[in-house]
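Just below is one structure, and these are the notes that go with it.
Values quoted throughout were computed directly from the atomic coordinates according to the rules given, and no laboratory measurement underlies them. The shown structure was predicted, so the numbers you read here are calculated from the model rather than taken from an experiment. When we count neighbours, we look across all protein chains shown, and the Cβ atoms used for this are built from the backbone with ideal geometry, even at glycine.
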Amino acid sequence: MLLDVASHLDAVERSVVYLDHDGKAASEVILSRSYVTTVDDVWDALTNGDRIPRWFLPISGDLELGGQFQFEGNAGSTITACKRLSYLAVTWEFGSNVSWVEARVSDDEAGCARLTLVHTAHLSEQWDEYGAGATGVGWEMGLIGLALHIDQPEEPKPDAATFHITPHGKALLTGSSEAWGEASISGGTDAEAARAAARRTTAFYTGEVVDEG
């Protein structure tokens, strides 16, 4: 599958915010992207158990308010808030770590549907090592998957097992890592630390050794 790397990277707005959450230091990784479709369609893609695996990950469980669900090989969640067509909030539970994800869907000025994701997590050793890319890159690849699904709903999604070794996959993962490093700097992270974390994020996702210099 041929992907326009530049257009996918340019389509995402990224920001990083530092704050307190439940009395502990935390960060918000925020990303937003518009889709040439309706709010109803984006909402359905986010919440329909039959569609979610076609652009993100296999899922099982109860997709109702208060329900618990599990992404295969990834996080489990509890749905803590839901306002149909506009707002969804879930916990993000991976091992002993719990963080929080919010999704907002709205019309944008161009007549498209805009999806905004906010992932809030307490600061940790993982943040020190990988920075905003620890969560930002993964979510950004999910938003690309959603874009491909909306544009070509009958086409299979890219193979997750090989995506990172394809030229387009490497370019997207590298570009996203670097962009999250710059977003983190804009949010107040030390520039040297943010760019070093971005290089480690690139290495993590692509499997290639990246110069720490």
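Before moving on, here are some points about what is shown:
- Extension gain, Asp10 to Glu129: 0.36 nm times the residue separation minus the Cα-Cα distance gives 40.3 nm.
- For the range 28-136, trypsin sites (Lys or Arg not before Pro) are listed when DSSP marks them as loop and at most 15 other Cβ atoms sit within 10 Å of their Cβ; the list is Arg84.
- When the helices of the chain are scored as -39500 (n - 2.57) per DSSP H run of n ≥ 4 and the total is divided over every residue, the value at 222 nm lands at -11500 deg cm²/dmol.
- Potential lengthening between Asp190 and Ala25 on full extension [0.36 nm per residue; Cα-Cα distance subtracted]: 57.8 nm
- Across the chain, the relative contact order, built from alpha-carbon pairs under 8 Å that are at least six residues apart, equals 21 percent.
- Distance between the pseudo-spin-label points of Phe94 and Glu208 (7 Å out from Cα toward the beta carbon): 2.3 nm.
- Annotation: extensible slack from Arg104 through Ile165 equals 18.8 nm (criterion: 0.36 nm per residue apart, minus Cα-Cα distance).
- In summary, no lysines lie within cross-link reach of Lys24, defined as a Cα separation below 16 angstrom excluding same-chain residues under 8 places away.
- Pairwise centroid distance, computed over Cα atoms, of the range 3-60 with the range 141-195, Å: 11 Å
- Cut-off under 5 Å, modelled amide H: who pairs with His21 long-range: Ala26
- Considering only GluC sites (Glu not before Pro) in DSSP loops that have at most 11 other Cβ atoms within 10 Å, the longest stretch of the chain without any of them is 1-63.
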